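Each remark here refers to the structure printed beneath this line.
No value in this document is a laboratory result; all are computed from the given coordinates. Fair warning: this is a prediction, and the values are worked out from it, not measured in the lab. Because the Cβ atoms are built from the backbone with ideal geometry, glycine has one as well, and the counts that use them run over all protein chains shown.
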Amino acid sequence: MIIRPRRLRKNEVIRNMIAETAVNPDSLVYPMFVVEGEGIKEEIASMPNQFRFSIDELLKELASCVAVGVKSILLFGIPNHKDEMASSAYDKEGIVQRAVRAIKAKFPNLYVITDVCLCEYMSHGHCGIIKDGDVDNDPSLELLAKTALSHAEAGADMVAPSDMMDGRVAAIREMLDANGFTNTPIMAYSAKFASAFYGPFRDAADSAPHFGNRKSYQMDVRNGREALHEVELDLEEGADIVMVKPGLAFLDVLRQTAEISNVPVAVYNVSGEYSMVKAAAKMGWIDENAIIRENMIAFKRAGADIIITYHAKEVLEKGIL
Ligand code: PBG
């Protein structure tokens with residue numbers, strides 16, 4: 001036998017020397033939930049160690065995040081008021097808008113990305129305006145663009161539309177540019193699948209649809225080629241970053257996206273993926289830190305530049321990478 005791959009696995013020095021993949025700690029983005037009120041730090045039942053924070057508590061938490069090296073967050077708002085036009089999504093005094101102003105005042109160097117969607121703000125829990133029992137695409141674009149603009153006005157560094165309406169990247173780009181926010185990047189949730197892995201998030205954000213499901217706008221999990229079409233469209237519309245979501249069950253889509261994209265690629269390690277790790281760890285069935293590390297490496301190896309993950313803080317805190 002001439003060829004023996006084991007020669008290069010002999011000890012840690014040689015293994016480290018030839019390691020192909022390293023996760024950049026600066027490319028981790030930490031999703032966080034903000035609610036109305038004061039003094040609130042409420043653990044999300046289905047997402048251990050993730051919380052809904054009121055703005056005051058969020059600022060305290062951010063101090064400890066920044067201290068361990070969190071550079072960027074993805075912010076989700078949970079409003080008190082919901083209606084049929086998602087009016088608190090684009091209210092200057094809305095929860096996200098006030099939170100962003102408070103965060104940027106205290107942590108000017110923390111990079112704040114806002115999730116742009118309407119589901120948390122709609123009384124029915126869908127991601128756009130409802131007409132005849134389904135989301136009406138084009139009128140919803142106007143509300144999404146207004147929402148993105150109000151986030152930028154509040155000081156958001158980047159906006160991230162997650163609604164999956166056709167044409168929303170272009171609509172948001174146009175609205176931002178018309179109002180002087182030509183330098184605010186858009187991270188598009190480009191290939192976002194109608195996935196059961198969002199279950200715990202919908203508890204966290206109180207955004208489950210009250211009737212039907214999201215299959216008329218989010219992608220069918222069976223389709224890979226269609227995901228690339230979505231990515232191409234978002235690139236044409238001016239997306240600065242494209243995203244694949246969820247991550248673990250869609251690593252093939254992530255790899256293919258990385259191959260066709262000439263802009264950075266993000267992956268969203270979603271709530272269900274996080275909760276499964278936490279649940280198995282709690283049962284004592286897995287080595288939690290090793291599993292988290294392996295998942296992060298999988299995203300990187302599959303082609304992700306940016307990893308959005310609820311594990312971000314603990315990864316940095318415990319030096320898991
Ligand atoms: C809003 C949105 C969702 C997620 C991110 N933005 C939920 C959904 O589409 O139902 C999911 C995030 C996660 O599961 O961690 N549309």
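Could you tell me which chymotrypsin sites (Phe, Trp or Tyr not before Pro) in segment 245-321 are loop residues by DSSP with no more than 13 other beta carbons within 10 angstrom of their beta carbon? Walk me through the numbers before you get to the answer.
Values: sites: Phe250, Tyr268, Tyr274, Trp285, Phe299, Tyr310; in loops: Trp285, Tyr310.
When the chymotrypsin sites (Phe, Trp or Tyr not before Pro) of segment 245-321 are filtered for loop state and at most 13 Cβ neighbours within 10 Å, Trp285 remain.
Quick one: pull the percentage of alpha-carbon pairs in the chain with a separation above 36 Å.
Details: 7977 of 51360 pairs.
When all Cα pairs of the chain are counted, 16 percent exceed 36 Å.
Can you give the FRET efficiency to the nearest 0.05 for Asp305 and Ala279, using r as the Cβ-Cβ distance and R₀ = 25 Å? Walk me through the numbers before you get to the answer.
Numbers: r = 29 Å, r/R0 = 1.16.
Once the sixth-power term is evaluated, E becomes 0.30.
Of Lys41/Lys313; Lys41/Lys92; Lys82/Lys215; Lys215/Lys245; Lys60/Lys318; Lys215/Lys313, which ones are farther than 26 Å apart at the Cα?
Numbers: Lys41/Lys313 16 Å; Lys41/Lys92 24 Å; Lys82/Lys215 22 Å; Lys215/Lys245 15 Å; Lys60/Lys318 20 Å; Lys215/Lys313 32 Å.
The answer is Lys215/Lys313.
For a quick check, take a GNM of the chain with Cα springs below 10 Å and name the residue from Pro79, Pro31, Pro139 with the largest mean-square fluctuation.
Pro139
Mind checking which of Ala196, Ala205, Ala188 has the largest fluctuation in a GNM of the chain, springs on alpha carbons under 10 Å?
Top of the fluctuation ranking is Ala196.
Which FRET efficiency, nearest 0.05, do Glu174 and Ile14 yield, Cβ-Cβ r, R0 45 Å?
0.25
Could you work out the relative contact order of segment 22-242, using alpha carbon pairs under 8 angstrom and six or more residues apart, expressed as a whole percent? Numbers along the way, then the final one.
On the way: 412 pairs, mean separation 39.5, N = 221.
After rounding, I find 18 percent.
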